[in-house]
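Trainee: Before I ask anything, here is the structure I am working with.
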Amino acid sequence: MTPNPLALIAEITHRCPLHCVYCSNPVQMVAKQAELATEEWVRVLQEVSRLGVLHVHLTGGEPAARADLEELIAGARKAGLYTNLITSGLGISETRLPKLVDAGLDHIQLSFQDSRDGPAQWIAGAKGHTYKIVLAEIIRQLPLAFTVNLVVHRQNLDHIEEMIEFIEQLQPERIEIAHTQYYGWALRNREYLVPTPEQLDRCTRAAEDAQTRLAGKTRIDYVVPDYYARYPKACMGGWGRRTLLIDPSGRALPCHAAGVIPDIQFDSVREHSLEHIWQESAAFKMFRGHDWMPEPCKSCDRKEQDFGGCRCQAFLVTGDATATDPVCSLSPDHHLIEIARAAAAAAEQPAWSYRTSVE
Amino acid sequence: MAAPLPDSQPRLAPGCRWATHAEKPVVLYPEGMIRVQGTGQNILELCDGERTIQQIVATLAEKYAASEPDKIMDDVCSFLEGLRNKRIVDY
């Protein structure tokens with residue numbers, strides 16, 4: 001019997017006022033008319049809580065694009081869940097935020113694209129930087145945990161120290177310095193986003209300095225990006241092992257990007273119970289455990305640590321979802337990552353694709 | 001950031017709260033949960049933002065009929081400092 005999941009990523013909408021070039025949403029997005037209704041989400045939240053889930057991460061798109069966000073937070077709290085909102089801040093007015101907290105919001109993760117207005121607007125393809133600063137001040141007055149997410153990449157890493165100092169001024173409990181992950185829109189723009197080795201070293205030093213300097217005040221979460229790691233990340237803590245994601249239309253997936261893998265049928269919460277989906281569905285069983293693994297994973301003593309890495313990345317880079325994650329230095333396809341790094345180092349002025357809108 | 005002082009008043013940090021999981025007390029925080037039991041539970045339950053470290057240590061010393069309050073003070077302080085670095089406790 002598979003242990004029950006601990007976390008639900010509720011991707012409640014793909015609508016978003018921003019057009020970030022590093023967005024990891026699927027390129028094929030769900031339209032508003034196909035989104036789950038309020039009462040469907042509330043039922044899902046009750047169901048996952050009964051399964052043992054403790055945390056729900058409300059994300060998108062921009063979750064605040066849903067007019068019923070207050071009701072969804074209240075539904076999560078009533079179901080006994082710890083509620084985290086992952087947001088750009090846009091769509092959360094100064095008067096709306098206290099209502100979200102009253103509804104039971106425990107934690108807010110506010111994303112910033114840069115420390116400077118112009119570059120932030122260039123990355124996001126929209127205005128919003130100044131309002132995020134205003135919102136951060138209001139968040140600080142309210143009783144909830146506050147994390148700032150900063151997505152870093154080749155175009156902003158040359159002033160990483162300035163960005164960290166800027167975020168410190170906002171006084172969050174946590175700063176997550178997240179290297180771009182190459183899924184969805186970010187994969188399209190990969191050659192302009194992959195950092196140089198020098199930038200990566202500088203970023204790692206800056207993050208470690210901040211960890212020391214801010215200990216006890218602000219926690220810095222920082223992970224070296226997998227394109228530069230020796231071994232793959234333990235993607236989602238293993239396929240179907242701890243976390244499930246429900247997309248705006250109600251499809252249950254083991255992770256954000258799994259929809260790109262062809263020939264997998266992802267069941268919908270409109271047709272099946274969460275317990276059935278988690279325990280019995282072919283999609284969740286597909287890469288659970290070790291049976292699916294090729295060599296060198298199968299006989300690797302790290303297979304319990306990284307679970308073979310990321311299936312979506314294996315598919316997106318090699319064309320085979322059952323391949324060893326190519327970021328692994330032991331993968332026979334590892335040269336594909338080396339080529340991507342070299343292509344990025346040679347790339348010039350970005351001519352990138354902004355994430356499009358979905359209505 | 002330093003360990004708590006004798007007159008510090010520790011409390012759970014914003015967004016951290018008690019809950020029950022598998023019939024055991026846990027503290028939920030943004031990235032996950034910590035299972036608290038035994039002495040850790042006894043310490044954290046006294047961290048209400050009102051009691052001082054000194055009062056918490058005195059209460060624990062009485063509870064455990066301990067003759068070494070200095071040792072308890074050291075243990076309580078390092079326990080809470082570790083949780084503060086994880087942003088689960090404030091003082």
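The values are calculated or read from the model by the stated rules, or taken from the named source; none is laboratory data. What you see is a predicted model; the values in this text were computed from it and never measured. Note that we place each Cβ from the backbone using ideal geometry, even for glycine, and neighbour counts take in every protein chain shown. Surface accessibility is based on the protein's heavy atoms, side chains included, excluding ligands, DNA and RNA. Shrake-Rupley method; radii C 1.70, N 1.55, O 1.52, S 1.80 Å.
Trainee: Between the chain alone and the structure with every protein chain in place, find the residues of the range B:7-48 that drop at least 40 Å² of accessible area; heavy atoms, 1.4 Å probe.
Mentor: Residues meeting the cut-off: B:P14, B:G15, B:R17, B:H21, B:L28, B:P30, B:E31.
Trainee: Give the interface area between chains B and A as buried accessible surface, both sides summed, probe 1.4 Å, in Å² to the nearest 100.
Mentor: 1600 Å²
Trainee: Let me have the relative contact order for chain B, percent, based on Cα pairs under 8 Å that are six or more residues apart.
Mentor: It comes to 39 percent, rounded to a whole number.
Trainee: Let me ask you something else. Given only helices, namely DSSP H runs of n ≥ 4 each adding -39500 (n - 2.57), what is the per-residue ellipticity at 222 nm of chain A, to the nearest 500 deg cm²/dmol?
Mentor: Numbers: 14 runs with 123 residues, N = 359.
Here the helix-only value at 222 nm equals -9500 deg cm²/dmol.
Trainee: Structure shown: which of A:K233/B:K71; A:K78/B:K63; A:K99/B:K63; A:K32/A:K78 lie over 32 Å apart, alpha-carbon to alpha-carbon?
Mentor: A:K233/B:K71; A:K78/B:K63; A:K99/B:K63
Trainee: A:E70 versus A:W292, label points 7 Å from Cα toward the beta carbon: distance in nm?
Mentor: According to this spin-label approximation, the distance is 4.2 nm.
Trainee: Placing +1 at every Lys and Arg Cβ and -1 at every Asp and Glu Cβ, with all other atoms neutral, what dipole size does the range A:206-359 have around its Cα centre, in debye to the nearest 20?
Mentor: 440 debye
Trainee: OK, next. Order these peptides, B:6-19, A:9-22, by their mean beta-carbon neighbour count within 10 angstrom, highest first.
Mentor: The peptides rank, most packed first, as A:9-22, B:6-19.
Trainee: Dipole of the protein assembly as shown (Lys/Arg Cβ +1, Asp/Glu Cβ -1, origin at the Cα centre): which of A:A229, A:S88, A:T196 lies farthest to the positive side?
Mentor: Projecting each Cα onto the dipole axis, the largest value belongs to A:S88.
Trainee: Hey, what's the protein assembly as shown come to in accessible area per residue, 1.4 Å probe, Å²? Don't jump to the answer; show the numbers that get you there.
Mentor: Numbers: 19430 Å² over 450 residues.
With all protein chains present, the protein assembly as shown gives 43 Å² per residue.
Trainee: A follow-up question, please. In whole percent, how big is the carbon plus sulfur part of the accessible area of the protein assembly as shown, probe 1.4 Å, protein atoms only?
Mentor: Using a 1.4 Å probe with all protein chains present, the protein assembly as shown comes out at 49 percent carbon and sulfur.
Trainee: When the dipole is taken about the Cα centre of chain A, and only Lys, Arg (+1) and Asp, Glu (-1) are charged at their Cβ, what size is it in debye, to the nearest 20? Don't skip to the end; give the middle numbers.
Mentor: Details: 36 positive and 46 negative charges, 61 e Å.
Value, rounded to 20: 300 debye.
Trainee: Taking the Cα centre of the range A:120-224 as origin, work out the dipole magnitude from +1 charges on Lys and Arg Cβ and -1 charges on Asp and Glu Cβ, in debye rounded to 20.
Mentor: The dipole magnitude comes to about 340 debye.
Trainee: Once the dipole of the range A:281-359 is set up with Lys and Arg at +1 and Asp and Glu at -1 on Cβ about the Cα centre, which of A:F307, A:C297, A:S281 lies farthest towards its positive end?
Mentor: A:S281
Trainee: Let me ask something else. Just need the relative contact order of the range A:147-251 here, percent rounded to a whole number, with Cα pairs under 8 Å and 6+ apart.
Mentor: 30 percent
Trainee: By its C-alpha gyration tensor, with a ≥ b ≥ c as the square roots of the eigenvalues, how is the protein assembly as shown shaped: rounded for a/c under 1.5, else prolate for a/b larger than b/c, else oblate?
Mentor: Numbers: a/c = 1.45, a/b = 1.36, b/c = 1.07.
Rounded shape, in that the Cα axes give a/c under 1.5.
Trainee: Relative contact order (percent) for chain A, with alpha-carbon contacts under 8 angstrom and 6 or more residues of separation?
Mentor: Across chain A, relative contact order equals 21 percent.
Trainee: With every protein chain in place, what's the accessible area of A:Y228 (1.4 Å probe, Å², nearest 10)?
Mentor: 50 Å²
Trainee: Also: Can you list the residues in the range A:198-216 whose accessible area drops by at least 30 Å² when all protein chains are present, compared with the chain alone? Use a 1.4 Å probe, heavy atoms only.
Mentor: Buried on complex formation: A:A215, A:G216.
Trainee: Note down the accessible area of A:V223, probe 1.4 Å, to the nearest 10 Å².
Mentor: The value for A:V223 is about 110 Å².
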